[in-house]
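What follows is a short report on a single structure.
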Amino acid sequence: MPITTVAIKSTPNGSRLFAEDIHTAYHLDLPIAEEDLRNLIVAAAKADDLHPRVELMGVLADRTERGVRVRNVANTSHFDIPWKFIVRGIE
């Protein structure tokens, strides 16, 4: 199912990237502040073709053909954010 909402929420240990579709909710906890995560995603979206990766404190953001993939290096988990949410702005 396609993702219907994407949001970033502040937590005591950093931030949580949250998305939901019609039946399921997904989340990824990251060790960086909410504002830093937003800036990381925007920086990855604006990155050039030769260097499509941005890194901050063990969190990677890669620009892909479908959007931005955010990865937590500590536990090798990732989260894909489609372009339509990056263009509209993440809640």
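The values are calculated or read from the model by the stated rules, or taken from the named source; none is laboratory data. Source: prediction; values computed, not measured. Here the Cβ is made from the backbone with ideal geometry for all residues, glycine too, and neighbour counts use every protein chain on show. Heavy atoms of the whole protein, side chains included, go into the accessibility calculation; ligands, DNA and RNA do not. Shrake-Rupley method; radii C 1.70, N 1.55, O 1.52, S 1.80 Å.
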**OP:** Scan the chain and hand back the longest stretch that contains none of the trypsin sites (Lys or Arg not before Pro) lying in DSSP loops with at most 16 other Cβ atoms within 10 Å.
**Re:** 1-45
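By how many nm would the segment from Glu20 to Thr4 lengthen if fully extended, with 0.36 nm per residue of separation less the alpha-carbon distance?
Details: separation 16, 0.36 × 16 = 5.76 nm, distance 0.59 nm.
Length difference between fully extended and current span is 5.2 nm.
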Original post:
In Å², what does the accessible area per residue of the chain work out to with a 1.4 Å probe?
Top reply: 62
**OP:** Can you tell me the relative contact order of the chain? Whole percent, Cα pairs under 8 Å, sequence separation 6 or more.
**Re:** 21
**OP:** State the percentage of accessible surface on the chain attributable to carbon and sulfur atoms; use a 1.4 Å probe and exclude ligands, DNA and RNA.
**Re:** 53
Original post:
Using 0.36 nm per residue, how much length does the chain from Asp48 to Thr11 gain when fully extended, once their Cα-Cα distance is taken away?
Top reply: 10.2 nm
Original post:
Just from its helices, what would the mean residue ellipticity at 222 nm be for the chain, if runs of 4 or more DSSP H residues each count -39500 (n - 2.57) and the sum is divided by every residue, rounded to the nearest 500 deg cm²/dmol?
Top reply: -5500 deg cm²/dmol
Subject >> Full-stretch length increase - Val87, Met57 - with 0.36 nm per residue and alpha-carbon distance subtracted >> reply: 8.3 nm
